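Let me begin by presenting the structure, written as structure tokens, before commenting on it.
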Amino acid sequence: MKWTGALALGLLALSACKDDGSSDADTDDGSTGADGDGDGGDDGVAACDDDPGPGRVGLQRLTRAEYNRTVRDLFGVTSNPADVFPPDSSTAGFDNNAASLTVSPQLAALLLDAAETVAAEAMANVSAQILVCAPAQDELCARQTLQALALRVYRRPAKDDEIDDLMVLHQFALDEGDGFDAGIEYALAAMLVAPQFLYRSVPPDSMHLLDAGQVRPLDDYALATRLSYFLWGSTPDDALLARAGADDLADPSVLREEFDRMLADPRSDALYDGFVRQWLQLGKLGAAAPDPTLFPTFDDDLRDDMLAEVQMFFEDLRARDGSLLEILTGTRTYANAELAGIYGIDGVTGDALTVVDLDPTQRAGVLTMPAILTMNSNPDTPNIVRRGVWLAEAILCEEPPPPPEGIPPAPDPAPGESERDRLARHRADPSCASCHNLIDPLGFTFDNYDALGNWRDEVDGQPVDNLGQLPDGTEVAGVVALAEQLATTDQYPSCVTEKVMTYALGRTVAADEECVVSAIGSANVTADSTVSDLLWAVVRSDAFLSEEIVGN
Amino acid sequence: MARSLNRRTFLRGLGGVAVALPALEIMLDAHGEALAGGGPLPGRFMMSFDGGALGADGDPVVNLYAPDTVGPNYDLKTAIMPLGDYGGIQSEVSVISGLLLPYGTNPIPPGGWASEFHIQALGPLISGMRNSSTDDNGVNGPTADQIVADAIGQDTTFRSLAYQVQASWYLTQSAPYGRDVISYRQEGGSLQANPGQVSPRAAYQALFTGFIPPDPADAGAVMDELAKRRSVLDRVGTSIETLMPQLGLADRQRMELHFNEIRELELRLAAVPPTGGAGCSMFPDPGPDPAVGGNNSSNGGSGFDTNAGWSDETTRARVFADLIHMAFTCDLTRSVAWLMTMAQSHMSIHPLTGIPYDQHELGHGGGTTQDMSEIRAWHIDHFAYLCARLRDTPEGAGSVLDNCALVHFNEAGHGYDPGSGNENSTHSTENMCMLLAGRAGGLQAGQHVVTNNAHPGQVFNTAMRALGVNQELGEVTGIIEGLL
């Protein structure tokens, strides 16, 4: 498909969905119980004309980060054994997308190494917990031990034939003269290379015997698993597994209790490491290289401080359970002396970051943080295109495709030519215009910030030229005005909802789900709603609670 | 510690049952020129790929690759300067110039491409099969390494190996249209892409699994470990077989992939390499892989981030060269596809020559044919290093290189681009050059042969013929005259 076609199609799908669903969403006060989305109606989802169904995720292998957290939480193994695995590639902006999580030959070999390491460390760390019936060392005890282990490692009870398989290994160790404990260790290593561990939820029953297209609620263990990898980026703990074992999670009040408990748990920090960092593309800051003669204060410490500011902003937002609109409009953040210098704030000293209030005429939440502005800059000057692309991708979910084959890069500036004029020359080429007509006017609004994020009123003796335009044609001057405008439209609420759902489900959100996404966003990304409102609405969505059977 | 191969050994099977492997020891005949059983010494094939062109856009200097003189002792221009190093490795390496990968839309010529260079030319180059239509971007036949592997790779531990030096596409998303794959295998009715191993560390571990230390006590411990690992994998494989029928189609395909990897790993753990010459030994672990660099911020020029687009490919290439050397010396495989840089490579060349561009954009306004040739030389230096190591490793009456046919080739030449209509374009398959090293089957080494627009596939055909593989690459017939 041609890239221009893909872009047009994406916009079309989004706007078509808005036409169908936004008026319904506006009138939905969340009190109706029969809104047609099959979930009891408390997530604010209005009836959308075409029910897209919950979609199918497919077997979802643990990412490197999820693997590390999982063995940490299971066995206290903190050596991050998955760090040597090949990097997980991303789909739709997130590395936990099932579509890209396959097993390659190199990964298979490394998985075996890691499994042996983890099994040995686990036996050293927590053998007292693992060897539940010690000192008995008979076959019955071995089976009990493996059953208890498998429940935690497979995130569901093991079936008898699965235990039989593991018992063969245990017997192998006895035959070799390696002993009872070694037999448990070998079996544990086998569990850790098994699909039941490496993929989030390998079904215990025969999926293909059900009718294709049939929708069924996730079983409690699969739901517990999806919930814990969403909120913790890690495996369910014993308490959650116990709830699943008692078939309690179908009860919304029990699910809510667990949801609240898990959000309050420190493991929910993974929402930042797993979700926010990828959503905002913060990995790009690692490659930023501001010119040392122009920006002598920039070094790796300042780079880390910039990231720390973003992290502390989000920690604070979650701790207060604030509104997600603060990402656009917040003026309260964290800075140390060097970051305060960029923000133009006096009186902040030292290396530690502390709360500061920013000038609301100059700053707009995350959009104007030094981390975002620096990572989307050239070494010496702001990069208008990159800033525009970032805003389009992360905040508006307008995904400009990469430049197509055979299209030359933007021309070098002519002598004395402004950046705006140079890009106008670029857009004069029709093949460039269709994307850059969207991107460039977004990027222009950032003209008040130099390559490190310092505020400026002039560029080379000329007043800044920060006039830009939103995709809907609204003209805005500067990022503050742009953010205020965005806070009043549906596009940002839809976009942040789409990002959260993409991460939570581990799959790309389909075009026919835009209506549902938009409705959840409109109801839960407002001045009066909170971070946890949105997370809960996602958990309560049909897409999260159920799955679609795919036939043969 | 160097471990040499145990020439005949046992592996214990599951449950402690001793299983004697068939004796596979290879004995040379009295002259050291063939096996005692009468067969010839094994031949080896390798193809290495450089995803760059020989000249720069608009530069009238066609290339600095083809020598001025024909025959032996040819002169060395910038691109092939490394052949003057390594103790005169030039005498083992032939240069074939004047090659043309044909193009045209009405009709598309045999073994040729239509008009979209980066998208359409790679398939015909590696498969010898033309684009099936002006809209076809695919690869339409098996590549030489896989044809060779089917013919002579059945009895080695690895049927073939594929390695990849450039660690990332270095732009957002991943390499489109298979620009990162040069090896395709015909399996049953379908053509399977065979992407290269990117991690030198993982390649190292995979290659040397199964090496048994000479000390009996060490050997026993290694054997125990192997037996344990195999039994673990055996259980996992059994478990997957049980699960498989429970899954829907898409999941089952994914699980089959997983299952195949587990089973292959298990087989490799069981297989002790059959033999090796005196030079066969395990070299020290190369350590963790160099970090994978970030994506390029721009294609080149003032906004180019000189810290991105680079994952220490020089070190990565060196480890892979050492692995190929040992894989051949130990006869662990007889066919290798070695992708150095991807087609339309966006690897930064700043670490190599200090010019702030990526490899592809260097040709589109960032540099001259001279600048481009220095990047070709970086690739050819790795090729020359490998040739020299194989030359310096004795086998039979000669060296391992004497039993090799090694091909080095580029994505592009330099000349007319039918897509844009430009002359002196990087998007051109005119004026291509290739290298062919080794003396397998009586190959004439160290020559410069000028062809009159021969198809690059004829160089592959020459290498295959030297190895006794009497098959043509796709639609390309015949070999390069004067080399065999």
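Read-outs throughout are calculated quantities, based only on the coordinates presented, and are distinct from any laboratory measurement. As the structure is a computational prediction, the values presented were derived from the model and not from experiment. Backbone-built Cβ (ideal geometry, glycine too); neighbour counts: all protein chains shown.
Over all other residues within a Cβ to Cβ distance under 13 Å of B:ASN410, the charged ones net out to -2, with Lys and Arg as +1 and Asp and Glu as -1. Residues in the stretch B:451-467 carry Karplus couplings, in order, of 9, 9, 6, 5, 6, x, x, 5, 5, 4, 4, 4, 5, 5, 4, 4, 8 Hz; the curve used is 6.51 cos²θ - 1.76 cosθ + 1.60 with θ = phi - 60°, and Gly or Pro positions show x.
Within the protein assembly as shown, what percent of beta bridges assigned by DSSP are antiparallel, to the nearest 5? Antiparallel bridges: around 65 percent, rounded to the nearest 5. Among the residues of A:59-65, the average count of other protein chain beta-carbon atoms within 10 Å of the residue beta-carbon is 2.
Taking a point 7 Å out from the Cα of A:SER532 in the direction of its Cβ, the residues of the stretch A:298-340 whose backbone N falls within less than 16 Å of it are A:315-324. Between the amide H of A:GLU547 and those of A:ARG216, A:LEU218, distances stay under 5 Å, these residues lying 5 or more places away or on another chain, with hydrogens modeled in the peptide plane. With θ taken as phi - 60° and the Karplus curve 6.51 cos²θ - 1.76 cosθ + 1.60 applied, the whole-hertz 3J(HN,Hα) list for the stretch B:431-437 is 6, 7, 10, 9, 10, 9, 10 Hz, x standing for glycine and proline.
No disulfide-compatible partner, judged by a Cβ distance under 4.7 Å, exists for the following cysteines of chain B: B:CYS387, B:CYS404, B:CYS433. Where only DSSP H runs of four or more residues are counted, chain B gives -8500 deg cm²/dmol as its mean residue ellipticity at 222 nm, each run worth -39500 (n - 2.57).
For the peptides A:412-420, B:412-420, B:349-357, the ranking by packing is B:412-420, B:349-357, A:412-420, with the highest mean count of neighbouring Cβ atoms within 10 Å listed first. So, R0 is 35 Å and r is the distance between the beta-carbons of A:ALA352 and A:THR381; what FRET efficiency does that work out to, to 0.05? Using R0 = 35 Å, I get an efficiency of 0.65.
In the neighborhood of B:GLY301, defined by Cβ-to-Cβ distances under 13 Å, what is the net charge if each Lys or Arg adds +1 and each Asp or Glu adds -1? Residues near B:GLY301 contribute -4 overall. Taking amide H positions as modeled 1.01 Å from N, with prolines and chain starts lacking one, the residues under 5 Å from A:ASP291 and 5 or more places away or on another chain are A:ASP380. For B:ALA193 and B:ASP224, the FRET efficiency from 1/(1 + (r/R0)^6), where r spans their Cβ atoms and R0 equals 25 Å, is about 0.10. Take the alpha-carbon centre of the stretch A:108-137, take the same for the stretch A:224-295, and report the distance between them in whole Å. The distance from the Cα centre of the stretch A:108-137 to that of the stretch A:224-295 comes to 26 Å. Summarising the amide proton neighbourhood of B:GLY293: residues at separation of 5 or more, or on other chains, whose placed amide H is nearer than 5 Å comprise B:TRP310, B:SER311.
Between A:ASN437 and A:ASN454, residue separation times 0.36 nm minus the direct Cα-Cα distance comes to 3.5 nm. A Förster distance of 41 Å, applied to the separation of the beta-carbon atoms of A:ASP238 and A:SER89, puts the FRET efficiency at 0.80.
Between the listed residues B:ALA66, A:SER323, B:GLN166, the Cα displaced farthest toward the positive end of the dipole of the protein assembly as shown, a dipole computed from Cβ unit charges relative to the Cα centre, is found at B:ALA66. For chain B, relative contact order (Cα pairs under 8 Å, six or more residues apart, normalised by length) works out to 30 percent. Adding -39500 (n - 2.57) for every DSSP H run of four residues or longer, then dividing by how many residues chain A holds, sets the calculated 222 nm ellipticity at -15000 deg cm²/dmol. The order of the peptides B:437-449, A:271-283 by mean Cβ neighbours within 10 Å, most packed first, is B:437-449, A:271-283.
For the pair A:ASP138 and A:THR293, label points projected 7 Å from Cα toward Cβ lie 8.3 nm apart.
Shielding by partners for peptide B:222-234, expressed as the average number of C-beta atoms from other protein chains within 10 Å of each residue's C-beta, is 4.
The ratio of the alpha-carbon radius of gyration of the protein assembly as shown to the globular-protein estimate 2.2 N^0.38 Å is 1.00.
The residues packed around B:SER345, meaning those with a beta-carbon under 9 Å from its beta-carbon, carry a net charge of -2 if Lys and Arg are +1 and Asp and Glu are -1. Look at the stretch B:239-246: the mean tally of other chain Cβ atoms within 10 Å of its residues' Cβ atoms is 6.
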